[in-house]
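Notes to accompany the following structure.
Nothing in this text is a laboratory measurement; each read-out follows from the coordinates by a stated rule. None of the values given here were measured: they were computed from a predicted structure. For neighbour counting, all protein chains shown are included, and Cβ atoms are generated from backbone atoms with ideal geometry for every residue, glycine included.
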Amino acid sequence: MTVRLSFISCGLAALVGAVPALACSIAQPDWNKRVKHSDTCSFYYAGANDMGAGKDAVDQGNGLVSQELSFFFASGMAVVDCTSATSAIVWAKSPPQDEQTSCGETLPISAHLPPKGALDVSGIGSVAGLVQFAAANGFKTTADANDLNKNQRHKDRFDAFCGCKLHYPESAGAKK
C-alpha cells in the first residue's frame, strides 16, 4: 500500500510540476498533417508542427496581394508583388510590457492595420516600401515569404504566391 501511494504521489507531483511547462503548449493529437489550402488561399497545418495558418489572400491593387499569417505565437502580414514576384512578411510587435504573457505571443497583426494601426499595405504601394516603412516603425521583417518554407518538407509548405494565382493569374508571381 505504501509503495502504491508513493507512485501516485510521484505521478501527481510530476503532473503538477509539468503544468507550467504545458501552459504555453497547444495540444494537437495528430501532428504533421499535409497543408490544407482553400480556393481563396487561406491555409492551415503549415510548418513541421502544423502551427501555421493564413487567412484569405486580399487584392490590394496594382499587383499587390496581402495575407494575414500566424505561426505558433507570431502573427504577421505577407505582402507579395505579383508583377515582380517579390515578397516580404511584416511581423506584429509584442504588446506593452505590462500586457505580455508568459508565452511571449505577439499582438495580432490586425492591431497594426487600419483603422487601428498605421500599417496600410494599399497605401504603401510596394514590397520595398513596406519593408522600409516596417523598419522605420520598429517592425521585424522577413525579406521573402518563402523563407518560411525553407527546411520544410513539401507537405508542410504553404504557397506564398497563391494570391497571385488567384488575383493576377498572368503575373510572374502566379508562375512561382
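Peptides 114-126, 55-67 ranked from most to least packed by the mean count of surrounding Cβ atoms within 10 Å: 55-67, 114-126.
Annotation: peptides 71-78, 34-41, 87-94, 157-164, ranked by per-residue average of other Cβ atoms within 10 Å with the highest first, follow the order 157-164, 87-94, 71-78, 34-41.
The residues neighbouring Leu166, those whose beta-carbon lies less than 14 Å from its own, together hold a net charge of -1 under the Lys/Arg +1, Asp/Glu -1 convention. Which of Lys36/Lys176; Lys93/Lys150; Lys116/Lys140; Lys150/Lys175; Lys55/Lys93; Lys36/Lys140 have a Cα-Cα distance over 21 Å? As for pairs spanning more than 21 Å Cα to Cα, those are Lys93/Lys150; Lys36/Lys140. A simple rule links phi to the HN-Hα coupling: the Karplus curve 6.51 cos²θ - 1.76 cosθ + 1.60 with θ = phi - 60°, which for region 143-153 gives 5, 9, 4, 6, 4, 5, 8, 4, 6, 9, 5 Hz, with x for Gly and Pro. Classification of region 34-175 by its C-alpha gyration tensor yields an oblate form. The axis ratio a/c (a ≥ b ≥ c) is 1.5 or more, and b/c is at least a/b.
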